[in-house]
Each structure stands twice: as structure tokens, then as C-alpha cells.
Amino acid sequence: MTGVRALALISTCAVVCSVFALPLSLSPEDGAARDVALQWLGVVDSGKYNDAAQMMSEQVRGTRDWANYFAAHRAPLGRVNKRQIIEVKHARSIPGDPELRLHAIMRFKTWFERRATVTEEIVMTKMGCCWEIAGYTINDR
């Protein structure tokens, strides 16, 4: 096999492997946090920004005017075409939360009607037995 053929075969394999990459494998705990995050994102996606803000953890509700944040950063993107979780990180503390508790920082790659790809980051906080939304950012630039 010539060098050019070998390189072409390797390149083809790399493209095929990247297109059919396996989804991120999640632990049961991370899966539960993801499910809560996706339910909440459904409220945001439907344009019910005040409801989404009220569903957030009590500790972060007053840190920002969330309804206006969603209107300014999320609404212009249009409908969601696809959303895929790409990363989960864990932390015992996050800025603005003085207590040590379990946090899952989830990043989603999202394709929107008016923007090809953006990254959404949701901070989840474990409160007793349940996960709560403790933060949201969207990289829409």
C-alpha cells in the first residue's frame, strides 16, 4: 500500500469514526441530572422564560434577571433542531454557593434554527434527593 493510499484510508476512517461517535456514557446519577436539565431546557425552548426562571434553584433566582437573559440570548436563536450532551464535570463547590454539595456542570452542543451550533452550559446542584438548576449560560457569539 502506498503512502498516499494509507493516508486516504486513515483519513476516511477518521471521518467515519467521528460521524458515528458513541454518545457520552453517563452514570445513573448524571443521567438523572441530565433528565432534569432537559426537562428544564424544554421550558426555556418553549419561550416560557418566567416559568424557567422560577424553576431555577432559589439560590440563583435573584442573581440575574433570568427572563431577560433568556429573551436576549436564547430567543434570537429560534427553535432547537438538535441537542446533544457533550461533557459532564463534577464540582463540590461553585461560585455563589457557599455550601459544599454535589454539582454537575453539563455542556450541550445545540443546533438552532438561526444558529448552526452553540454550546449551552447548565450547572446542576444536588439538593437532598433532587437535582436543581443552579446556572445557565449560552455561548451564542
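The values are calculated or read from the model by the stated rules, or taken from the named source; none is laboratory data. Remember, predicted model here, so these are calculated numbers, not experimental data. Please note: Cβ atoms are built from the backbone with ideal geometry, for glycine as well, and neighbour counts cover all protein chains shown. Just the protein is used for accessible areas: all its heavy atoms, side chains included, with ligands, DNA and RNA removed. Shrake-Rupley method; radii C 1.70, N 1.55, O 1.52, S 1.80 Å.
The table below gives the values:
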| quantity | calculated |
| --- | --- |
| Every pair of residues 6+ apart whose Cβ atoms lie under 9 Å, when the first sits in segment 113-141 and is over 18 Å from residue 87 (Cα atoms) while the second is open to solvent by 70 Å² or more (accessible area, probe 1.4 Å) and assigned to a strand (DSSP E or B) | 113/81 |
| Residue selected from segment 107-141 under the condition among the basic types (Lys, Arg) and touching a helix residue (DSSP H, G or I) at 6+ places or on another chain (Cβ under 7 Å), by the criterion surrounded by the fewest Cβ atoms within 10 Å (Cβ to Cβ) | 114 |
| Hits in segment 48-66 - residues which are without any contact (Cβ under 8 Å) to a residue 60 or more places away in the chain, open to solvent by 20 Å² or more (accessible area, probe 1.4 Å) and in contact with a helix residue (DSSP H, G or I) (Cβ under 7 Å, 6 or more places away or on another chain) | 49, 50, 51, 61 |
| Tally of residues being free of Cβ contacts under 8 Å to residues at least 40 places away in the same chain and surrounded by 17 or more Cβ atoms within 10 Å (Cβ to Cβ) across segment 81-106 | 3 |
| Pair list, Cβ < 8 Å and 6+ apart or interchain, from segment 17-41 residues that are at pLDDT below 70 to residues that are not small (Gly, Ala, Ser) | 23/84; 23/85 |
